[in-house]
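What follows is a short report on a single structure.
The values are calculated or read from the model by the stated rules, or taken from the named source; none is laboratory data. In this text, all values refer to a predicted model and were calculated from it rather than measured experimentally. Methodologically, a virtual Cβ is constructed for each residue, glycine included, from the backbone with ideal geometry; neighbour enumeration extends over all protein chains shown. Protein only, heavy atoms only, side chains kept; ligands, DNA and RNA dropped before computing areas. Shrake-Rupley method; radii C 1.70, N 1.55, O 1.52, S 1.80 Å.
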Amino acid sequence: MPPKPKGGAKANNPEPKAPEPAAQTVDERTRQRFYQTNPVEKRFEEVGFPGLTPAEKKTYIHSRLLLPVAGHKVPLSSKTEREVWRQVTKEGLPIRRLRKDYSWGKDRIGRDFGSYKLEDFEQRSLKQARLTALDILHRSFIAKRDLARRNAVDVAPEDIEDERKRRKDMAVLKRELYGEITGPLANDPDWDDVIPIPQNEPDDALAKIAYPDDYAEAVSYLRAVMATEECSPRCLRLTELVISLNPAHYTVWLYRFKIVSALRLSIPDEIKWLNEVALNNLKNYQIWHHRQLLMDYYYPMIFADDEDVKKLAKSETDFITTILEEDTKNYHVWSYRQYLVEKLGLWTLSELGATQSMIEVDVRNNSAWSHRFFVVFSDPNMSTAGLPATEHDPKVPDTTINREVAYAKEQILLAPQNQSGWNYLRGVLAKGGRSLTTVGEFAEQFVSGLGQEDEKVQSSHALDLLAEVYQDKGDKDKAKLCLQRLWEKWDPVRKGYWKCRALLMERAA
């Protein structure tokens with residue numbers, strides 16, 4: 001009889017399970033691969049070591065010994081080690097495997113890569129691969145350029161342009177992948193030889209300025225080239241960049257003028273560029289100071305040629321007119337206009353007419369009134385140099401004084417409460433050495449019934465002037481009444497000032 005088969009324990013094989021659904025995220029795929037590379041690990045977690053079949057126990061033990069044996073961390077005899085490796089080969093156990101707690105890290109915003117959809121993670125991997133490829137080409141360009149410099153030859157312009165585009169692409173990828181912000185200068189091969197000097201602020205600074213990234217980079221390169229006193233076309237372009245980011249950066253304007261003068265660049269071209277900047281930054285002071293430096297530098301080159309001077313004067317006054325049409329009371333523009341009149345000798349009727357036109361458009365334009373006073377009473381041909389604005393100048397012709405008094409009266413009649421006209425009238429009388437009493441009758445037409453029930457005052461400025469007129473005439477009571485009515489009714493906002501005036505008048509008496 002044939003021998004009976006040996007009885008053995010029934011295999012405790014689990015029922016086959018349905019295949020797991022396809023992984024959707026990186027964590028899900030990692031978990032699946034962990035179980036794929038760690039045999040019977042899932043069974044071990046479900047039933048523990050005693051619940052495994054003998055075959056599963058053997059596989060589990062071998063999988064646990066695999067890495068220590070491979071790393072020579074477990075001392076085995078040669079025979080035993082050969083047996084282990086024979087079983088590993090027989091069972092097809094993987095040597096490389098994932099850890100169960102493996103972490104893929106986090107992205108630039110702190111999101112765990114494990115939560116990424118597989119397609120998103122694949123796109124990120126493609127971007128990393130592209131960045132690596134671009135970096136290889138970038139390093140190749142650097143080596144090629146260094147070799148060219150050693151051989152005293154230039155790199156082909158197309159290679160430089162390719163590198164510039166390449167760095168822009170790399171900057172985009174670095175920003176998307178790692179949040180690294182690379183500015184336009186760092187991406188420009190022309191600036192590779194410059195080591196930027198960043199803003200040095202202490203860590204415990206009370207209030208750190210949060211500069212925009214592009215501005216912080218541009219200014220750091222500006223510090224570097226200024227430290228070496230480099231004056232070159234690229235530095236001129238750098239100043240233009242900084243000015244576009246911060247037109248009020250006065251240091252960069254001074255540096256730009258230094259470059260323009262050092263390179264002997266065309267002043268008309270610089271002024272043309274400056275005009276565009278001025279139109280976009282109406283209230284900027286540095287623009288007009290830069291313009292003044294350019295005039296001081298340029299005028300000596302052309303002063304002997306009357307035609308060139310006239311051409312310059314016309315172009316400058318035309319542009320000033322354009323600016324003042326946008327902002328009629330721009331202090332910086334009016335200051336520059338006074339400088340220009342003095343610099344180019346524009347003591348002309350056309351300049352006087354320009355102020356008159358602006359006053360006619362807006363009689364309250366105090367800037368136009370001030371410029372008119374400057375043009376009339378600072379003309380070296382009809383005034384004494386160095387005199388204060390309100391001091392009598394015997395050199396000014398009476399015809400000029402009479403003309404300006406009449407003009408001021410004419411404008412006051414149009415707007416009696418406009419202080420500009422009254423101030424101008426006072427200044428003209430002072431220059432002519434004339435007393436305020438000469439216009440007392442003119443001022444009285446704006447005040448009637450003073451101190452009475454039917455009192456009518458069309459101009460508080462006329463009442464102010466009459467207080468001085470009556471004081472000069474010796475009528476202290478009437479002068480005090482003018483001041484009293486000002487603080488009581490017609491100008492109570494300056495009550496303290498009018499009372500002080502009255503007190504000083506009493507003390508003088």
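Given the condition outside any helix (DSSP H, G or I) and open to solvent by less than 40 Å² (accessible area, probe 1.4 Å), answer yes or no: does some residue in the range 172-181 qualify?
Quick first cut of the range 172-181, residues outside any helix (DSSP H, G or I) only: 179-181.
Adding the requirement that they be open to solvent by less than 40 Å² (accessible area, probe 1.4 Å) leaves 179.
Checked against the condition, which is being outside any helix (DSSP H, G or I) and open to solvent by less than 40 Å² (accessible area, probe 1.4 Å), the range 172-181 yields at least one hit.
Quick check on the range 36-68: of everything there that is acidic (Asp, Glu) and in contact with a Lys or Arg (Cβ under 9 Å, 6 or more places away or on another chain), which residue is farthest from ILE95 (Cα to Cα)?
Here the residue is GLU56.
Looking only at the range 36-68, filter to residues that are among the aromatic types (Phe, Trp, Tyr) and surrounded by 17 or more Cβ atoms within 10 Å (Cβ to Cβ); which one of those is nearest to ASP120 (Cα to Cα)?
Among those that are among the aromatic types (Phe, Trp, Tyr) and surrounded by 17 or more Cβ atoms within 10 Å (Cβ to Cβ), it is PHE44.
Please state which of the following conditions LEU236 fails to meet, knowing it meets all the rest: (1) open to solvent by 30 Å² or more (accessible area, probe 1.4 Å); (2) part of a loop (DSSP other than H, G, I, E, B); (3) not basic (Lys, Arg).
Going through (1) open to solvent by 30 Å² or more (accessible area, probe 1.4 Å); (2) part of a loop (DSSP other than H, G, I, E, B); (3) not basic (Lys, Arg) one by one, LEU236 breaks only (2).
Of all the residues that make up the range 221-274, how many are touching a residue at least 40 places away in the same chain (Cβ under 8 Å), closer than 24 Å to LEU312 by Cα and under 19 Å from the mean Cα position of the chain (by Cα)?
So the count comes out to 0.
Determine which single condition THR251 fails, assuming it passes every other condition in (1) among the hydroxyl-bearing types (Ser, Thr, Tyr); (2) within 30 Å of TRP334 (Cα to Cα); (3) surrounded by 15 or more Cβ atoms within 10 Å (Cβ to Cβ).
Failed condition: (3).
Could you count how many residues in the range 83-104 are part of a loop (DSSP other than H, G, I, E, B) and either in contact (Cβ under 8 Å) with a residue 24 or more places away in the chain or in contact with a Cys (Cβ under 6 Å, 6 or more places away or on another chain) (or both)?
Going through the range 83-104 one residue at a time, the tally reaches 10.
Test ARG31 against the criterion of being surrounded by 14 or more Cβ atoms within 10 Å (Cβ to Cβ), touching a helix residue (DSSP H, G or I) at 6+ places or on another chain (Cβ under 8 Å) and at pLDDT 80 or above, and give yes or no.
no
Can you name every residue in the range 22-48 that is within 20 Å of VAL84 (Cα to Cα) and in a loop (DSSP other than H, G, I, E, B)?
ASN38, PRO39, VAL40
If a residue must be part of a helix (DSSP H, G or I) and touching a Leu at 6+ places or on another chain (Cβ under 9 Å), how many such residues does the range 481-496 contain?
Residues meeting the conditions: 9.
The rows are residues; the columns are (1) modelled with pLDDT of 95 or more; (2) within 30 Å of GLU326 (Cβ to Cβ).
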site	(1), (2)
LEU206	no, no
VAL225	yes, no
CYS235	yes, no
LEU254	yes, yes
PHE257	yes, yes
ALA262	yes, no
SER266	yes, yes
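Going through the range 339-355 one residue at a time, which ones are free of Cβ contacts under 8 Å to residues at least 40 places away in the same chain and at negative phi?
Listed by number, the residues that qualify are VAL341, GLU342, LEU346, TRP347, THR348, LEU349, SER350, GLU351, LEU352, GLY353, ALA354, THR355.
Mind telling me which of the residues GLY440, GLY433, GLY451 ends up being in contact with a Lys or Arg (Cβ under 9 Å, 6 or more places away or on another chain), at positive phi and either surrounded by fewer than 21 Cβ atoms within 10 Å (Cβ to Cβ) or in a loop (DSSP other than H, G, I, E, B) (or both)?
Criteria check complete, one pass: GLY451.
Restricting the search to the range 415-426, which residues are in contact (Cβ under 8 Å) with a residue 40 or more places away in the chain, surrounded by fewer than 20 Cβ atoms within 10 Å (Cβ to Cβ) and part of a helix (DSSP H, G or I)?
GLN419, ASN423
Of the residues that make up the range 398-414, is at least one surrounded by fewer than 18 Cβ atoms within 10 Å (Cβ to Cβ) and either modelled with pLDDT under 95 or in a loop (DSSP other than H, G, I, E, B) (or both)?
No, the range 398-414 contains no residue that is surrounded by fewer than 18 Cβ atoms within 10 Å (Cβ to Cβ) and either modelled with pLDDT under 95 or in a loop (DSSP other than H, G, I, E, B) (or both).
Which residue out of ILE302, ILE287 is in contact with a Pro (Cβ under 8 Å, 6 or more places away or on another chain) and either closer than 18 Å to SER420 by Cβ or open to solvent by less than 50 Å² (accessible area, probe 1.4 Å) (or both)?
ILE287
Quick one: count up the residues across the range 105-130 that are assigned to a loop (DSSP other than H, G, I, E, B) and surrounded by 13 or more Cβ atoms within 10 Å (Cβ to Cβ).
Here the count works out to 2.
Let's see how each residue does on (1) loosely packed, with under 15 Cβ neighbours inside 10 Å; (2) within 15 Å of PRO196 (Cβ to Cβ):
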| residue | (1), (2) |
| --- | --- |
| ASP213 | yes, yes |
| ALA216 | no, yes |
| MET226 | no, yes |
| ARG256 | no, no |
